[in-house]
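Participant: Structure below; questions to follow.
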Amino acid sequence: MMNALCVHAFGGPDALQLTQSPIPSPGPGEVRLKVEAVGINPVETYQRAGSIPSLPLPWTPGTDAAGTIDAVGPGVEGWRPGDRAYTSATITGAYAEWTVAAAATTHPLPAGLTAAEGAAIGIPYATAWRALVQRASAQPGEWVLIHGASGGVGLAAVQIARHLGLRTIGTAGTPRGAELVQAQGADHVLNHSQPGYLEEITALTHGTGPAIILEMLANVNLAHDTQLIAPRGRIIVIGCRGPIEINARHLMVREADVRGLLLFNATASERQAIHDALAPGLATGALRPVISQSFPLAAGPAAHTAVMQPGAAGKIVLIP
Ligand code: NAP
């Protein structure tokens, strides 16, 4: 038996209950990971609260984990017990001492990365890469505004944007977050809780506006984004926690696009392309997740509370 966090009834953070569960066995095409770290993502709090329908209960959350492969199912090639790996999609849930994932969604953990860093790759780096490359078709030299750069996806986007030769403006809501965004390579950092920062974005881009905006909180910012974006620019909606009214005329006159992104919509080949593209940067250290806080597995409720609080400064992980 193993420790796992299980949701038996949807609710607040305390709905995550430490439970004794059977250690899962990998089926055909699957591997089992001895989990050393788990990445906490905001989506798991929405799922835990029951706002994403049709999840069968009881349910162990989590897609992102890293550790050591300790069993491989029939037909798996390329993985052996003892290999270090991270996964970006589990079958049995990541918030546990062991997890089973498809071999196809399990990736080598580069030698220089800790398990905690590996657990911070799955959703954040894949989302940031999909946003910049697959949705925005970013070109070297373009200006990108990462509107909410201090969290898991935002810091990944800062690093990837730098790696791709983009010019970046990142925003954060606290001095600590702003320092981190600067340290990860943003050309300019602004505080999204200070009045007047939007005018600075226009000035920094010499009046043109950013060609790309990665938006982490569209329900607050989209109406402003439609006025900031450069002609023929692309606004990528990554995070949105409610409705917002916009004046579509701002998009019309700029011939600008608002494009949604949902990582779960990526096809298997798009996902594979993302993780293949991330691998060289992760291996050299050009891309390296930033961990803000670690919690033991039993403190899952505290981790869920923390991930929804303002003042992000990287990723929150659980250590089983
Ligand atoms: P996170 O680590 O909790 O970071 C949240 C970010 O939002 C922080 O940088 C935070 O900055 C920023 N923020 C807060 N208030 C803001 C404002 N007024 N304007 C701009 N940014 C603001 O979360 P994450 O993992 O990076 O994810 C970010 C969002 O994207 C979440 O809503 C998540 O659910 C969503 N997401 C969606 C997808 C998808 O497939 N569409 C994938 C991954 C994530 P401060 O804390 O410094 O204020």
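The values are calculated or read from the model by the stated rules, or taken from the named source; none is laboratory data. Treat the numbers as computed from the prediction; the structure is a model and nothing was measured. FYI the Cβ positions are ideal-geometry reconstructions off the backbone, even for glycines, and counts take in every protein chain you see. Side chains included, ligands, DNA and RNA excluded: accessible areas come from the protein's heavy atoms. Shrake-Rupley method; radii C 1.70, N 1.55, O 1.52, S 1.80 Å.
Participant: Taking 1 over the mean of 1/r across every pair of different Cα atoms in the range 124-264, what Kirkwood radius in Å do you get?
Facilitator: Numbers: mean 1/r = 0.0690 Å⁻¹.
It works out to 14.5 Å.
Participant: Here's a follow-up. What is the distance, in nm, between label points placed 7 Å from the Cα along the Cα-to-Cβ direction at residue 199 and at residue 70?
Facilitator: 6.0 nm
Participant: Still on this model: Residue 98: accessible area at probe 1.4 Å, nearest 10 Å²?
Facilitator: Around 50 Å² of this residue is reachable by solvent.
Participant: Add -39500 (n - 2.57) for each DSSP H run of 4 or more in the chain, then divide by its residues: what number comes out at 222 nm, to the nearest 500 deg cm²/dmol? Let's see the in-between values first.
Facilitator: Values: 10 runs with 91 residues, N = 320.
Theoretical 222 nm ellipticity from helices: -8000 deg cm²/dmol.
Participant: Springs between alpha-carbon atoms under 10 Å, Gaussian network over the chain: tell me which of 152, 207, 122 tops the mean-square fluctuations.
Facilitator: Of 152, 207, 122, the most mobile in the Gaussian network model is 207.
Participant: Once phi is turned into θ = phi - 60°, what whole-Hz ³J(HN,Hα) does the Karplus curve with 6.51, -1.76 and 1.60 give for every residue of the range 309-317, x standing for Gly and Pro?
Facilitator: After applying 6.51 cos²θ - 1.76 cosθ + 1.60, I find 8, x, x, 5, 8, x, 9, 9, 10 Hz.
Participant: Which values, in whole Å and largest first, are the semi-axes of the equivalent ellipsoid of the chain obtained as the square root of 5 times each eigenvalue of the Cα gyration tensor?
Facilitator: Working: eigenvalues 237, 87, 61 Å².
They are 34, 21, 17 Å, listed largest first.
Participant: What does the accessible area per residue of the range 124-264 come to in Å², with a 1.4 Å probe and no ligands, DNA or RNA counted?
Facilitator: Details: 6070 Å² over 141 residues.
Here the residues of the range 124-264 average 43 Å² of exposed surface.
Participant: Follow-up. What figure, in Å² to the nearest 10, do you get for the accessible area of residue 2 with a 1.4 Å probe and non-protein molecules left out?
Facilitator: 10 Å²
Participant: Now for a separate question. If you roll a 1.4 angstrom probe over the protein chains with everything in place, what fraction of the accessible area of the range 1-138 belongs to carbon and sulfur, to the nearest %?
Facilitator: Numbers: 2950 of 5170 Å².
C and S atoms contribute 57 percent here.
Participant: Please find the FRET efficiency linking residue 232 to residue 10, where r is the Cβ-Cβ separation and R0 is fixed at 45 Å, and quote it to the nearest 0.05. Before the final figure, lay out each step's value.
Facilitator: Details: r = 43 Å, r/R0 = 0.95.
Calculated value: 0.55.
Participant: Heavy atoms of the protein only, probe of 1.4 Å, neighbouring chains included. What is the accessible area of residue 238 in Å², nearest 10?
Facilitator: It works out to around 40 Å².
Participant: Pop a pseudo-label 7 angstrom from the Cα along the beta-carbon direction at both residue 137 and residue 77 and give the gap in nm to one decimal.
Facilitator: So the label points at residue 137 and residue 77 sit 3.5 nm apart.
Participant: Now, a different point. Would you mind computing, in nm to one decimal, how far apart the modelled labels at residue 262 and residue 293 are, each placed 7 Å from Cα along Cα→Cβ?
Facilitator: Distance between the two pseudo-spin positions: 2.9 nm.
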